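Visitor: Below you'll find the structure I mean.
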Amino acid sequence: RYSLFYNHLKNIEENEGGLDKFSKSYKTFGVNQFLDGGIYCREWAPGAEAVFLTGDFNDWNPSSHPYKKLEYGKWELFIPPGQDGCPPVPHGSKLKVVIRAQNGDLLYRISPWARYVVRDEDKVNYDWVHWNPPQSYIHKHPSPKRLKSLRIYESHVGIASPEGKVASYKNFTYNVLPRIKDLGYNCVQLMAIMEHAYYASFGYQVTSFFAASSRYGTPDDLKEMIDIAHSMGITVLLDVVHSHASKNCEDGLNNFDGTDSCFFHSGPKGTHQLWDSRLFDYANWEVLRFLLSNLRMWIEDYRFDGFRFDGVTSMLYHHHGIGTGFSGGYHEYFGLHVDEDALCYLMLANHMINSLHPECITIAEDVSGMPALCRPVEEGGGGFDYRLAMAIPDKWIQIIKELKDEDWNMGNIVHTLTNRRYEEKYIAYAESHDQALVGDKTLAFRLMDAEMYTNMSVLSPLTPVIDRGIQLHKMIRLITHALGGESYLNFMGNEFGHPEWLDFPRIGNNESYHYARRQFNLTEDHLLRYRFLNTFDRDMNKLEERFGWLASPPAYVSEKHESNKVIAFERAGLVFIFNFHPYQSYVDYRVVNFKYKILLDSDAAEYGGHQRLDHSTEYFSEEYPHNYRPYSLMVSNLFFFFILVLSEQLKK
């Protein structure tokens, strides 16, 4: 694999002047304005017989501005400035690339490199708009330094409002970013930014890879949003989709030059059976140019601080993970079923990002567990910084759906949370956007279900269902945060147990926006119990910020007691004690180590607890061996469905 990567890198050095120049092609492909006002256009359309540029600037004459054919399927066009020095294609003009296909048909297409596309309300397809404002947004704030402890708030700009509408970049900038900062998250991961014609695709059916979605605002609005995030010390990651592309032709990449092989594999190999989308040909030189330049553009033009690569499992294997399980055996990761070209592209992408922008972060969404995916390229690894711990949310769903509380297996929970490859960093999460979508259920909904609609008011009785749900919601999130990895992720709204699923407007729901929103206002109502979960999530993150357990070595698990349903572990100088027993509390419960005081107590009033502990109590250890440690201490009360986090004060 490293040999294949090295050969690609060597060929780029010899034929393209190096990876730096190769990945800067976004400055020359598409339509770009020179300083003298002239317009330079370049496209790759190997199957075209002829290529033209048309639009508002030439009254939509389809043949007045032909491109010149170059080698290797490239085409170029230069339009000089007007006599007054004005650009021949004004800012805001609508454009189309006209392709004369091999059968003689004229195909009106959006450039694959288009920076801005919009859709009028009365139209189905998007239009390409030339974006070249007299004064673009100028970034004022430097990007944050590379984070040691990554606390990620997974977000979607369009649903980031309690109102039933498509929210804007401006709304996110001034209403949501302060909330993220207050909750203690230091990183926001933005979904559905790359333009996608179908809103309900959640941004995963990309049509224009270089265009920021116009349904939320202008490119400058997005740049301002990222700049303001940086001013708050928040790192901004882009959810990048390079695993597949929309099948759209008129406003997508599909059949751009009149053939099915431009950018994609030809025939059945070029179509994903489940996603009904097109699959890139990663062995193609121009596809590599396109995708690497795409990453570079998002970093350098918009100042994104890295990427979460979607659908990496689909990229890594010719079977795309369809109908395939992964047990961890090495035969599953090495063989002819691995798409070495795709893996080589990922290595090139990470090498490029790390070489040109070493402060940037990359995350792999891979469910297969491919070994060394998060090791440096120089070691033969994939080069990613983190991978998502995708087994953890599945485990919580399985436990809640299938097991009675008294049947929860402590050893199995600990195994799932700690089962990760040595020196590969994992992002732990209890749930993400996947669990919030219609057809699935969030943890809060699984725990409290219909009672969320009737019993979340503090004026109503605290029923056993709501009490259990609130306590377990806190416990599941904290044990995942503290034990599950080297980073933590939460999807917007789930921190406070958002009471409704997520469903985008579509024919099946009469194009309703009712469920395509996040009701942040629920946390501001002091008569509702959602504020308890919100406060706990904030204090959990603030505690991690103070002690840095995500950047600390893996935890030492001192206890996973099956009959007592107790898990205890140490990390970053803290002792975490979880009592998962559904009805059994303990008096004078012994755990390991020295002198401690309470830092986080799930039974506190501000978290919707019962206030049964005195926080002024100090816990002293004694020379009493317990769980293979020479010292231990006695916790006076360990209530059922209860968390206690202790901070070491004095070492012996």
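Visitor: Can you tell me the 0 to 90 degree angle between the C-alpha axis of helix 340-356 and the longest principal axis of the chain, rounded to 10?
Guide: 80
Visitor: Just grab the label-to-label distance for R119 and D276, each label 7 Å out from Cα along the Cβ direction, in nm (one decimal).
Guide: The two pseudo-label positions are separated by 1.5 nm.
Visitor: Follow-up. Per-residue HN-Hα couplings for region 39-50, Karplus 6.51 cos²θ - 1.76 cosθ + 1.60 at θ = phi - 60°, whole Hz, x for Gly and Pro?
Guide: Working through the residues one at a time gives 10, 10, 10, 8, 9, 10, 9, x, x, 7, 8, 7 Hz.
Visitor: Right, here's the next one. Report, in listed order, any pair from K21/K223; K165/K247; K140/K247; K27/K140; K404/K597 with a Cα-Cα distance greater than 31 Å.
Guide: K140/K247; K404/K597
Visitor: Which entry in [x] 1.12; [y] 1.01; [z] 1.08 matches Rg/Rh (Cα atoms, Kirkwood Rh) derived from the coordinates of this structure?
Guide: [y]
Visitor: I'd like the Karplus ³J(HN,Hα) series for region 558-564: coefficients 6.51, -1.76, 1.60, θ = phi - 60°, whole numbers in Hz, and an x wherever there's a Gly or Pro.
Guide: 8, 8, 9, 8, 5, 6, 7
Visitor: Something else: Search the structure for amide H atoms under 5 Å from the amide H of L599, placed 1.01 Å from N in the peptide plane, and list their residues when 5 or more places away or on another chain.
Guide: Residues meeting the amide H criterion: V645, L646, S647.
Visitor: Which is farthest toward the positive dipole end of the chain among Y198, A604, V241, measuring Cα position about the Cα centre, with Cβ charges +1 (Lys, Arg) and -1 (Asp, Glu)?
Guide: Value: A604.
Visitor: Next question. Angle between the Cα long axis of helix 464-483 and the longest principal axis of the chain, 0 to 90 degrees, nearest 10?
Guide: With both axes taken from Cα atoms, the answer is about 70 degrees.
Visitor: Also, quick follow-up: Residue by residue through region 27-33, which ³J(HN,Hα) values in whole Hz follow from phi under the Karplus form 6.51 cos²θ - 1.76 cosθ + 1.60 (θ = phi - 60°), with glycine and proline marked x?
Guide: These are the phi-based 3J(HN,Hα) values: 7, 10, 8, x, 10, 10, 9 Hz.
Visitor: Could you check the simple spin-label distance between K145 and W501, using points 7 Å along Cα→Cβ, in nm with one decimal?
Guide: Rounded to a tenth, the inter-label distance reads 4.6 nm.
Visitor: Checking the a/c ratio against 1.5 first, then a/b against b/c, what shape does the Cα gyration tensor give for region 464-562?
Guide: Prolate is the answer for region 464-562, as a/c is 1.5 or above and a/b outweighs b/c.
Visitor: If you don't mind, another one. With every protein chain left in place, what is the accessible area of F520 in Å² (1.4 Å probe, nearest 10)?
Guide: The accessible area comes out at roughly 20 Å².
Visitor: How much length is gained if the chain between L4 and L459 is pulled fully straight, taking 0.36 nm per residue apart and subtracting their Cα-Cα distance, in nm to one decimal?
Guide: Extending this stretch completely gives an extra 157.3 nm.
Visitor: Now for a different question. Among residues other than R119 whose Cβ falls under 13 Å from its Cβ, what is the net charge (Lys/Arg +1, Asp/Glu -1)?
Guide: Summing Lys and Arg as +1 and Asp and Glu as -1 gives -4.
Visitor: Related question: Quick one: putting +1 on the C-beta of Lys and Arg, -1 on the C-beta of Asp and Glu, what dipole do you get for region 213-323 around its Cα centre, in Debye to the nearest 20?
Guide: Result for region 213-323 is approximately 340 debye, rounded to the nearest 20.
Visitor: Calculate how steeply helix 219-231 sits against the longest principal axis of the alpha-carbon atoms of the chain, using the helix alpha-carbon long axis, and give the answer as 0 to 90 degrees to the nearest 10.
Guide: 30
Visitor: Please list, ordered by chain and number, the residues whose modelled amide H lies under 5 Å from the amide H of S558; skip anything fewer than 5 residues away on the same chain.
Guide: The answer is A568, F569, E570.
Visitor: Need one word for region 30-111: rounded, prolate or oblate. Basis is the Cα gyration tensor (sqrt eigenvalues a ≥ b ≥ c); a/c below 1.5 gives rounded, then a/b vs b/c decides.
Guide: prolate
Visitor: Kindly state, to the nearest 0.05, the FRET efficiency for R421 paired with E451, given R0 = 45 Å and r defined as their beta-carbon distance.
Guide: After rounding to 0.05, the efficiency reads 0.65.
Visitor: At 222 nm, what helix-only mean residue ellipticity would the chain give, in deg cm²/dmol to the nearest 500, using -39500 (n - 2.57) for each DSSP H run of four or more?
Guide: Working: 13 runs with 145 residues, N = 652.
Calculated from helices alone, the mean residue ellipticity at 222 nm is -7000 deg cm²/dmol.
Visitor: List the residues, sorted by chain then number, that are 5 or more residues from K247 or on another chain and whose placed amide H is less than 5 Å from its amide H.
Guide: R278
Visitor: Give me the accessible area of L600, 1.4 Å probe, in Å² rounded to the nearest 10.
Guide: 10
Visitor: Express the relative contact order of the chain as a whole percentage, based on alpha carbon pairs under 8 Å and six or more residues apart in sequence. Show your work: numbers first, answer last.
Guide: Details: 1365 pairs, mean separation 68.9, N = 652.
So the answer I get is 11 percent.
Visitor: May I pose another question? Let's see if you can work this out: charge +1 on each Lys and Arg Cβ, -1 on each Asp and Glu Cβ, no other charges. What is the dipole magnitude of region 120-159 about its Cα centre, in debye to the nearest 20? Please report the intermediate quantities before stating the final value.
Guide: Working: 6 positive and 5 negative charges, 151 e Å.
My answer is approximately 720 debye.
Visitor: About the Cα centre of the chain, how large is the charge dipole given +1 on each Lys and Arg Cβ and -1 on each Asp and Glu Cβ? Please answer in debye to the nearest 20.
Guide: 840
Visitor: With 26 Å as the limit, write out which pairs from K68/K123; K181/K401; K401/K565; K10/K68 have Cα-Cα distances beyond it, or answer none.
Guide: Working: K68/K123 32 Å; K181/K401 33 Å; K401/K565 18 Å; K10/K68 29 Å.
As for pairs spanning more than 26 Å Cα to Cα, those are K68/K123; K181/K401; K10/K68.
The values are calculated or read from the model by the stated rules, or taken from the named source; none is laboratory data. Predicted, not measured: the structure shown is a model, and the values here were computed from it. All Cβ positions, even for glycine, are placed from backbone atoms using ideal geometry, and neighbour counts span all protein chains on display. Ligands, DNA and RNA are stripped out before the accessible areas are found, and what is left, the full protein with its side chains, is counted by its heavy atoms. Shrake-Rupley method; radii C 1.70, N 1.55, O 1.52, S 1.80 Å.
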